[in-house]
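Some notes on the structure that comes next.
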Amino acid sequence: MPVSIRDVAQRAGVSVGTVSNVLNRPGEVSAESADRVTRAIEELGYVRNDAARKLRAGVSTTVGFVVLDGQNPFYNDVVRGAEDEATRHGIAILYGNTDEDHRRERLYLDLFEEQQVRGLLIAPYGDVTPRLRRLKERGIAAVLVDRFSGDGRFSSVSVDSVAGGRLAVEHLIEGGRRRIAFVGGPFDIRQVNDRLAGARVAAENAGSHVDLEVVATAAMTVEEGVAAGTRIISRPRREWPDALFAANDLLALGLLQSLVVDGRMLVPDDIAIIGFDDISFASAAAVPLSSIRQPSRMIGRTALRIVLEEAADPDSIARQTVFPPELVVRASTRPR
């Protein structure tokens with residue numbers, strides 16, 4: 001059994017209160033008593049349960065993190081960034097993956113509320129504003145991750161996805177592409193809508209000689225990318241696009257896989273592909289993948305820092321931190 005504070009008191013021949021004072025208020029204990037307690041701690045190998053102490057004081061040592069897609073390396077990197085910052089503050093991250101499922105999202109929110117975490121980071125699937133308001137009323141700070149807070153009620157840390165979508169399609173147009181397909185979905189994910197909105201701005205600015213179509217997917221996965229690529233290839237050749245902008249890199253890698261396996265459309269000679277996120281696998285693809293980079297670890301570190309600040313000061317004003325996207329050009333979009 002773990003050594004308890006009572007065991008230390010018995011070995012030192014003092015009261016439990018004296019041991020507690022030595023650990024927390026050493027200035028209130030005589031040198032002789034402090035020495036006896038210290039020796040007992042060393043002899044018994046006592047280790048204080050700091051987490052339990054903080055919980056008794058009403059301060060949790062955990063932060064909940066709910067992500068949209070745990071299979072996406074982008075979110076793994078965001079969580080790693082949050083963990084790096086949490087370690088500096090003696091905080092542990094409790095992690096939940098919703099897998100783009102409203103029920104699982106509610107389940108994790110319930111769990112973290114019951115656990116009375118110090119704060120919550122969430123990359124939401126749908127509209128979670130009412131639930132976050134309830135958490136705030138219970139004293140649990142919440143910060144949106146990879147999602148801009150439209151009404152400004154909650155702090156958020158994100159990348160400008162509209163600007164990213166515009167960058168991607170402008171790059172394709174500058175490379176001589178004119179028939180562009182946006183591949184992504186579902187459209188109740190805010191980031192998908194924002195990236196499509198940016199793509200449309202770029203296409204409209206280019207004029208009528210650029211066509212932008214939408215190829216919807218049921219999820220943001222490699223499998224859905226493969227399925228979308230298969231649907232595109234099954235069209236008559238005259239209806240093939242000459243460029244694809246995928247809403248994330250997983251979709252882009254699936255598209256690339258389907259095209260390489262089929263072999264009739266060469267990347268980038270016949271068709272260019274660009275993704276979003278710039279995950280580590282993008283540069284290692286069969287044809288290195290161009291992408292819109294997000295500073296994933298910086299997003300996680302920043303979000304964790306903000307949620308701890310808001311937990312310490314519930315009256316603080318919500319802030320919206322938006323990082324600029326970065327175009328990373330590789331072989332998959334080489335100009336014609």
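The values are calculated or read from the model by the stated rules, or taken from the named source; none is laboratory data. Quantities reported herein were computed from a predicted structural model and do not represent experimental measurements. Here the Cβ is made from the backbone with ideal geometry for all residues, glycine too, and neighbour counts use every protein chain on show. The protein model used for the area step is the full one, side chains on, heavy atoms only, and it has no ligands, DNA or RNA in it. Shrake-Rupley method; radii C 1.70, N 1.55, O 1.52, S 1.80 Å.
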Farthest positive-ward along segment 140-187 dipole, Cα basis, beta-carbon charges - from I173, G150, I140: I173
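Can you tell me the dipole magnitude for segment 65-114 around its Cα centre, using point charges on the Cβ only (Lys, Arg +1; Asp, Glu -1), in Debye to the nearest 20?
Values: 5 positive and 12 negative charges, 18 e Å.
The dipole of segment 65-114 has a size of about 80 debye.
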Anisotropy class of segment 163-300 from Cα gyration tensor, a/c 1.5 cut: rounded
Net dipole in debye of the chain [+1 Lys, Arg Cβ; -1 Asp, Glu Cβ; about Cα centre; nearest 20]: 160 debye
Bridge type composition, the chain - antiparallel percent by DSSP, nearest 5: 5 percent
Rough spin-label spacing in nm, given labels placed 7 Å along Cα→Cβ, for S280 and Q320: 3.3 nm
Heavy atoms of H102 accessible to a 1.4 Å probe, total area in Å² rounded to 10: 80 Å²
The chain: relative contact order in percent, alpha carbon pairs under 8 Å with at least 6 residues between: 18 percent
Value at 222 nm in deg cm²/dmol, rounded to 500, when DSSP H runs of n ≥ 4 in the chain each add -39,500 (n - 2.57): -14000 deg cm²/dmol
Full-extension gain in nm, A312 to R178, via 0.36 nm per residue minus C-alpha separation: 43.0 nm
Cleavage-rule hits (chymotrypsin sites (Phe, Trp or Tyr not before Pro)) in segment 154-201: DSSP loop, at most 14 neighbouring Cβ within 10 angstrom: F187
Cβ-placed point charges (K, R +1; D, E -1), dipole of segment 161-205 about Cα centre in debye, nearest 20: 120 debye
Pairwise centroid distance, computed over Cα atoms, of segment 308-336 with segment 265-291, Å: 22 Å
Helix 296-312 vs. the chain, principal-axis angle (Cα, 0 to 90°, nearest 10): 40 degrees
